[in-house]
1. Please specify each residue of the stretch 101-139 satisfying the condition of being crowded, with 16+ Cβ neighbours inside 10 Å, out of contact with any Leu (no Cβ under 8 Å at 6 or more places or on another chain) and of a type in the set (Ser, Thr, Tyr).
2. Check the stretch 107-121 and report whether any residue there is more than 26 Å from residue 79 (Cα to Cα) and at pLDDT below 90.
3. So if I check each of 124, 155, which one is more than 24 Å from residue 22 (Cβ to Cβ) and at pLDDT below 85?
4. Could we say that residue 83 is assigned to a strand (DSSP E or B) and either surrounded by 13 or more Cβ atoms within 10 Å (Cβ to Cβ) or at pLDDT 80 or above (or both) here?
5. Take residue 136 and decide whether it is more than 16 Å from the chain's Cα centre (by Cα), under 25 Å from residue 18 (Cβ atoms) and in a helix (DSSP H, G or I).
6. Search the stretch 139-156 for residues being out of contact with any strand residue (DSSP E or B) (no Cβ under 7 Å at 6 or more places or on another chain) and not in a helix (DSSP H, G or I), and hand back the single one that is farthest from residue 111 (Cα to Cα).
7. What about residue 155, is it surrounded by fewer than 18 Cβ atoms within 10 Å (Cβ to Cβ), out of contact with any Pro (no Cβ under 6 Å at 6 or more places or on another chain) and touching a residue at least 24 places away in the same chain (Cβ under 8 Å)?
8. Could you check how many residues of the stretch 122-133 are part of a strand (DSSP E or B) and under 16 Å from residue 95 (Cβ atoms)?
Amino acid sequence: MTNETLELICRNADISVGTPIGDVGIILDVIENTKNRKFQYLRNGELRSHGWNLRFNGKPLPKGCFGYQDIIILLEDNIPVGIVFPMGESDLHVLVLEEYQGRGIMSDFMSSGIVHQLNPRLSSISTNYSLEFEPEMYSKMKHLASKAGLELRMSS
């Protein structure tokens, strides 16, 4: 999942169908059609997983569609400002919209404890930032990981 795709999801999120999680945001279910890159936002809980076959309202998803559960949209004054996207069961991809960076939004989220409530098995977050070439961003990511008690890994 690219940062551009995450930004698209965040900026177009229908937060009225999400389930609130504390003061930090909402949980939102999304189905992605990989052919046309469009997303369908669902009322939380409508998407059901049956093994590897994801179904919507009892019917298989259309060919080329993938379902993701528990995408978290971070809010500030009821405005989507960031997204936390689970990458499997042991990693997160996070993005705060550029105009909202530096406000402590991710720090507040990571220290809220919600990460471990939603996925107790989560052990790490990954980063593309390297300590050698981008020490400031790497330090920010390390700080966020430590707020949630997670390991920081380099993306492969």
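The values are calculated or read from the model by the stated rules, or taken from the named source; none is laboratory data. Only a predicted model underlies this, so the values are computations on that prediction, with no experimental measurement involved. Glycine gets a Cβ as well: all are built from the backbone with ideal geometry, and neighbour counts include every protein chain shown.
1. Residues satisfying the conditions are 111, 112, 129.
2. Checked the stretch 107-121: at least one residue is more than 26 Å from residue 79 (Cα to Cα) and at pLDDT below 90.
3. 155
4. Judged against the criteria, residue 83 is a match.
5. no
6. So the residue we want is 156.
7. Judged against the criteria, residue 155 is a match.
8. Keep residues of the stretch 122-133 that are part of a strand (DSSP E or B), which gives 124-127.
Filter again for under 16 Å from residue 95 (Cβ atoms), leaving 125-127.
Residues that pass the stated criteria total 3.
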